[in-house]
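Everything on this sheet refers to the single structure shown next.
Every read-out reported here was derived from the displayed coordinates using simple, explicitly stated rules and does not represent laboratory data. Since this is a predicted model, take the numbers as computed values, not measurements. Glycine also receives a Cβ, built like all others from the backbone with ideal geometry; neighbour counts cover every protein chain displayed.
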Amino acid sequence: MSDEIIVKPRGTTDILPDEVHRWTNAESTFRRNCEAFGFEEIRTPYFEYTKLFDRGVGETTDIVQKEMFSVVPSVKMRSIYEPDFDPEAFKRSQAKEGLTLKPEGTAPVMRAYVENKLYAQGGITKLFYITPCFRHERPQAGRLRAFHQMGVEALGTTSPTVDAEVITVAATYLESMGIPKTTLKINSIGCPTCRPTYHAALKAYLEPKLPKLCDLCNERFHKNPLRVLDCKNDSCRAEVADAPKMLDYLCEECSTHFDGVKRMLDAMGTAYEVDPGIVRGLDYYTKTAFEFVSESLGAQSTVCGGGRYDGLVEQIGGPSTPGVGFGMGMERLLLAIENAGTLQEKAQMMQLYIMVRGEDNLPAAGKLITAMRRLGIRSEMEHDGRSIKAQFKYANKRGIPYVIVIGDEERESGNIVVKRMEDGTESAFSLDDSIGISDFILK
Ligand code: ATP
Ligand code: MG
């Protein structure tokens, strides 16, 4: 070993074989659930032009202002191999092009929707994604620099019943993952018709309180006063507790829409609380805003956030298209499951172990194990020529339920015995009878 062991970058994690089943289970349950609700999977690249996030996440957000990982292609080798290569000019051109690792899932899906003209199909487009995301944040429990999001987007309709469907996908998923104490909080944050009146009322309320609010809230007051209601700072929260509520300022259209969402949630059996403090800070967010909050998480209690964004597709250059969706943090989801004590046990991986006595018998073992693997039996064989005693010990320690020994006698006679380790039951088979062996193991 060299002196220096290279470690993973800060704010990243390794998902080791012992825990990866939790991830695959969370992902496959999400896929199944989304498909039951009529959503189809979409995959987009891990990096995009930076300007997509400037426009599609918003220049006033924390993400765009300080959390983005922008990518610069390596110039090290090119400087050596290309005598005319000018690394500074190259960097300048890259800065103009500007690539960024995706900090969230929605903007890339909107970009793909517009670029591939998915809207041309007409009707409602229902998409879901599971993706790594990257944000340069201060790492802490439930907050990483490389993490994963799962989400859905429903595009092409303003119908409140689709808001309720999107919310219910998340609710049924969280329920099936066994997170008992999650609360769904919903709100309506209005539209460009009613929000300006509300903004004015909110600003009038906040203005005298500015000296008591944090620096960030002072900045938010000027750029987007709604965001002040989203401050995580306890003293700011206390100051704004009695702030005017958007719900009291909704225009008729927004008010009818919100009633429609609630009525459909009731019908779908999705329990919710109306919480006027739930806001999505960007201008293109409209009407419905929601969060799922889990009691079993600490400070980072929001496991899922979403809402309606009727202005977003247009914002990134597409045709005006209404939409609604959510994003869910997988690390937070798994943390909530862990804290709730509903962790799934890892399933036994190996089903069959083929022991080999003597190097001459390796090919016979190789032939049989390949036939077993083709039948889907999770199998392993001895490669290192250990004694049969050591091989038995190994199979025992691993808890492998079935074993076969292949030695000279088995190879010459063409007959083997499959042994069930649990009770010592043995059954004889021909070396070629992989189907018979498989049936015995699966019985
Ligand atoms: P937060 O309030 O935690 O800062 P956010 O408003 O930045 O969340 P969104 O951009 O709405 O979060 O992302 C959706 C979900 O992704 C969050 O609810 C959370 O579960 C997860 N998430 C966001 N940032 C991180 C991160 N740095 N590490 C792990 N999960 C994250
Ligand atoms: Mg954040």
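Before moving on, here are some points about what is shown:
- When you filter the trypsin sites (Lys or Arg not before Pro) in region 105-152 for DSSP loop state and at most 14 other Cβ atoms inside 10 Å of their Cβ, you are left with 117.
- Cα shape, the chain, gyration tensor, a/c 1.5 rule: prolate
- Net charge of Cβ neighbours under 11 Å - reference residue 73; Lys, Arg +1; Asp, Glu -1: +2
- Amide H contacts of residue 194 (H built 1.01 Å from N, under 5 Å, at least 5 apart or other chain): 251
- Rounded to 5, percent antiparallel among DSSP beta bridges of region 352-442: 50
- Relative to the Cα centre, the charge distribution of region 102-155, modelled as +1 at Lys and Arg Cβ and -1 at Asp and Glu Cβ, gives a dipole magnitude of about 180 debye.
- Local net charge near residue 236, Cβ-Cβ under 12 Å (Lys/Arg +1, Asp/Glu -1): +2
- Between helix 195-206 and the chain there is an angle of about 80 degrees, using the helix long axis and the longest principal axis of the Cα atoms.
- If you take all other residues with their beta carbon under 13 Å from the beta carbon of residue 182, and give Lys and Arg +1 and Asp and Glu -1, the sum is -1.
- Taking the longest Cα principal axis of the chain as reference, the axis of helix 160-176 is set at about 40 degrees.
- Compared with the dominant Cα axis of the chain, that is its longest principal axis, helix 362-374 is turned about 40°.
- When each of 185/287; 232/262; 419/443 is checked by Cα-Cα distance, pairs over 21 Å: 232/262
- Projecting the Cα positions of 201, 320, 24 onto the charge dipole of the chain (unit charges on Cβ atoms of Lys, Arg, Asp and Glu, taken about the Cα centre) puts 201 furthest along the positive direction.
- In sequence order, region 302-318 has phi-based couplings of 7, 8, 8, x, x, x, 8, 9, 5, x, 5, 4, 5, 4, 9, x, x Hz under the Karplus curve 6.51 cos²θ - 1.76 cosθ + 1.60, θ = phi - 60°, and Gly or Pro positions carry x.
- In the chain, taking the dipole from charged Cβ atoms about the Cα centre, the farthest positive-side position among 192, 264, 391 is held by 192.
- Shown for 316, 404: other C-beta atoms within 10 Å of each C-beta, ranked fewest to most, produce the order 316, 404.
- Ordering 353, 309 from the fewest to the most neighbouring beta carbons within 10 Å gives 353, 309.
- Burial ordering of 343, 16, 213, 247, fewest other beta-carbon atoms within 10 Å first: 16, 343, 247, 213
- Hits among aspartates and glutamates - C-alpha to C-alpha of residue 223 under 16 Å, sequence gap 8 or more where chains match: 54, 59, 62, 207, 215, 283
- Put the Cα centre of region 283-345 next to the Cα centre of region 22-68 and the gap is 10 Å.
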